[in-house]
Amino acid sequence: MPDYSKLHNGSDVRGIAMPGVAGEDVNLTPEAAKRIAQAYAGWLSEHAGKPVSELVMACGRDPRLSGPNLLAAVEEGLILLGVHVVDCGLATTPAMFMSCVFPDVSADGSCMVTASHLPWNRNGLKFFSRDGGLESADIVRILEVAGSDEELAKVPHEAASPMGRCDLLAVYSAHLRGIICDALGSEDSPLAGLKVCVDAGNGSGGFFATDVLAPLGADVSSSQFLEPDGHFPNHPANPENEQAMASICAKVRESGVDLGVIFDADVDRSSAVDEHGCEINRNAIVALAACLVAEDHPGTCVVTDSVTSNELTDFLQNTLGLDHLRYKRGYRNVIDKMVELDRQGVDCRLAIETSGHAAFLDNHALDDGTYLATRIVVKTAQLKREGKGLSTLLSQLKEPAESVEVRMRVTAEDVRATTDRVLDDLRGWAAGAGEDAAEADGMRLEVVEPNYEGVRIAVSGEVSGWFLLRASLHEPLMPLNVESEQAGGTERIRALLRGFMAGEEGVDSSNL
């Protein structure tokens with residue numbers, strides 16, 4: 001049997017579904033998808049406490065070219081077990097979770113065929129239960145069962161059941177329209193006069209313009225790339241991509257609209273553009289999402305990933321009066337931390353990565369790009385009634401003068417041991433030789449504590465800023481993030497670190 005463990009990617013399944021780059025072998029085949037779906041059905045049966053034959057599972061996909069075949073294989077595998085399958089066709093990742101919430105579907109679990117923002121020839125499977133997305137350990141076990149004929153045979157096989165169908169995006173659109181109408185106090189064109197440019201990147205998010213905003217009176221005529229196209233021909237469906245953000249920023253400036261919204265392919269992430277055509281991304285999208293919760297939940301805690309800026313912390317704590325917990329990379333990490341804090345009695349309403357994964361506690365702790373976009377649209381409409389634009393919310397947010405990320409490849413065979421050693425060495429170096437070298441160059445170093453991922457070091461003196469070295473969650477890499485409040489500061493910090501990395505074996509730091 002193939003080694004399906006290579007398809008493990010955090011809390012998702014990801015693989016190569018079509019030939020693309022030379023030397024890459026297809027490893028997410030329809031047969032693999034079928035077996036993995038069946039293994040998931042076994043997991044869900046245990047998790048839900050129901051026989052496999054009583055399970056209802058919703059299945060959908062994004063527009064990737066390999067999506068129809070993989071979705072058909074997933075559904076075939078489930079039907080053969082006796083699962084009642086609801087085919088949702090083209091869908092979004094958040095909508096697939098909501099199929100477990102909406103009474104119209106009331107699924108016990110769901111499967112979304114997607115690889116998010118990855119290249120067109122990649123694809124994957126993302127699973128949900130009524131409790132939310134699965135954890136990494138769940139995916140590990142599901143892949144183990146899928147890769148074993150003996151283990152997979154233990155999943156009960158009942159009589160095949162007929163497949164149902166659901167226009168899930170229509171149900172989800174009605175849900176989002178209801179949120180807007182409730183917030184703005186009107187059911188009759190509450191968005192009349194508001195101009196919004198939606199960029200779906202040819203992913204699944206075009207419905208937000210045509211089925212959510214337009215029916216409520218918004219002018220979405222400037223929107224672009226709404227048509228689903230698995231080639232993603234115009235730009236990557238990724239709000240973090242410079243080409244994608246430049247495209248929508250230019251369109252907003254050209255069209256003179258009130259707001260721009262951009263999604264990734266499966267619509268669990270979004271970012272925005274203000275009325276001046278300035279991108280609201282990375283630290284700024286975190287700050288904007290925090291503004292949306294600050295009014296109703298003063299003092300609440302915002303959980304972010306590890307690479308957020310000092311300037312963001314200052315804005316969250318000193319401008320908005322919120323608490324900021326800088327945690328780990330990985331959307332499941334920040335979401336799980338928010339849920340953990342809430343269960344401990346800590347008021348924590350928002351978990352968000354700089355990538356645009358934003359989960360609000362009052363939205364099932366679900367990272368949902370369209371929910372974030374809906375909240376932004378509502379706020380923009382409210383501000384416009386006051387003669388203001390979205391930019392006013394972020395007028396006090398400062399940005400570092402320079403920000404850079406360097407991804408150094410780990411060449412040693414034992415990746416974990418190597419990255420652990422380098423991080424331990426960095427701590428000691430910062431307190432000794434590194435501090436001496438920094439002082440000679442007019443800087444001071446201080447290890448930041450508490451810190452939950454990698455080693456973060458504050459830099460002060462002639463250069464003010466910080467750097468964070470960590471191990472990648474999924475790849476043999478050590479990303480280094482460096483920020484400075486002064487022009488030229490990141491190069492001075494990198495020059496200092498070159499001396500340290502020169503003595504570290506097993507990591508290629510030639511790009512540092």
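A short reminder: the numbers here are calculations on the coordinates, not readings from a lab. Bear in mind the structure is a predicted one, so any value in this text is a computation, not a measurement. Methodologically, a virtual Cβ is constructed for each residue, glycine included, from the backbone with ideal geometry; neighbour enumeration extends over all protein chains shown.
When Val448, Val273, Val406 are sorted by how many other C-beta atoms sit within 10 angstrom of their C-beta, beginning with the fewest, the order is Val448, Val406, Val273.
Listed by chain and number, the aspartates and glutamates placed with their C-alpha closer than 12 angstrom to that of Lys328 are Asp305, Asp336, Glu353, Glu453; residues fewer than eight positions away on the same chain are left out.
The listed peptides 85-93, 194-202, ordered by packing as a protection proxy, come out as 194-202, 85-93 (highest mean of other Cβ atoms within 10 Å first). Summarising the strand pairing of the chain, around 65 percent of its internal DSSP beta bridges are antiparallel.
Between (i) -0.53, -0.99, -1.16; (ii) -0.65, -0.99, -1.11; (iii) -0.57, -0.92, -1.03, which entry matches log10 I(q)/I(0) by the Debye sum over Cα atoms at q = 0.08, 0.11, 0.12 Å⁻¹ as derived from the coordinates of this structure? Recomputing log10 I(q)/I(0) by the Debye sum over Cα atoms at q = 0.08, 0.11, 0.12 Å⁻¹ here gives the entry labelled (i).
Counting every alpha-carbon pair across the range 402-508, the share separated by more than 16 Å comes to 54%. Separation of the range 217-279 from the range 471-511 is 32 Å, based on Cα centroids. Within the same chain, lysines fewer than 8 places from Lys6 are excluded, and of the rest, those with a Cα less than 20 Å from its Cα are Lys34, Lys126.
Taking 8 Å as the Cα distance limit and 6 or more residues as the minimum spacing, I'd like the relative contact order of the range 4-166 as a percentage. Relative contact order comes out at 33 percent. Using R0 = 41 Å, the C-beta based FRET efficiency linking Leu65 and Gln344 works out to 0.35.
Normalising the average separation of contacting C-alpha pairs (under 8 angstrom, six or more residues apart) by the number of residues puts the relative contact order of the chain at 11 percent. Here, the range 29-88 yields an orientationally averaged convex hull projection of 3.7 nm² when only Cα atoms define the hull. Among DSSP beta bridges lying fully in the range 4-166, give the percent that are antiparallel, nearest 5. The antiparallel proportion sits near 50 percent.
Say R0 is 35 Å: what FRET efficiency, to the nearest 0.05, do Arg444 and Asn511 get from their beta-carbon distance? The partial results should precede the final answer.
Working: r = 26 Å, r/R0 = 0.75.
With a Förster radius of 35 Å, E is 0.85.
Work out, step by step, the length gained on full extension between Glu475 and Gln317: first 0.36 nm times the residue separation, then minus their alpha carbon distance; give nm to one decimal.
Numbers: separation 158, 0.36 × 158 = 56.88 nm, distance 3.34 nm.
Gain in length upon complete extension: 53.5 nm.
Kindly state, to the nearest 0.05, the FRET efficiency for Ala417 paired with Gln486, given R0 = 30 Å and r defined as their beta-carbon distance. Once rounded, the FRET efficiency stands at 0.25. Distances between placed amide hydrogens fall under 5 Å for Asp199 paired with Gln224, Val261, Ile262, Phe263, all partners being 5 or more residues away or on another chain.
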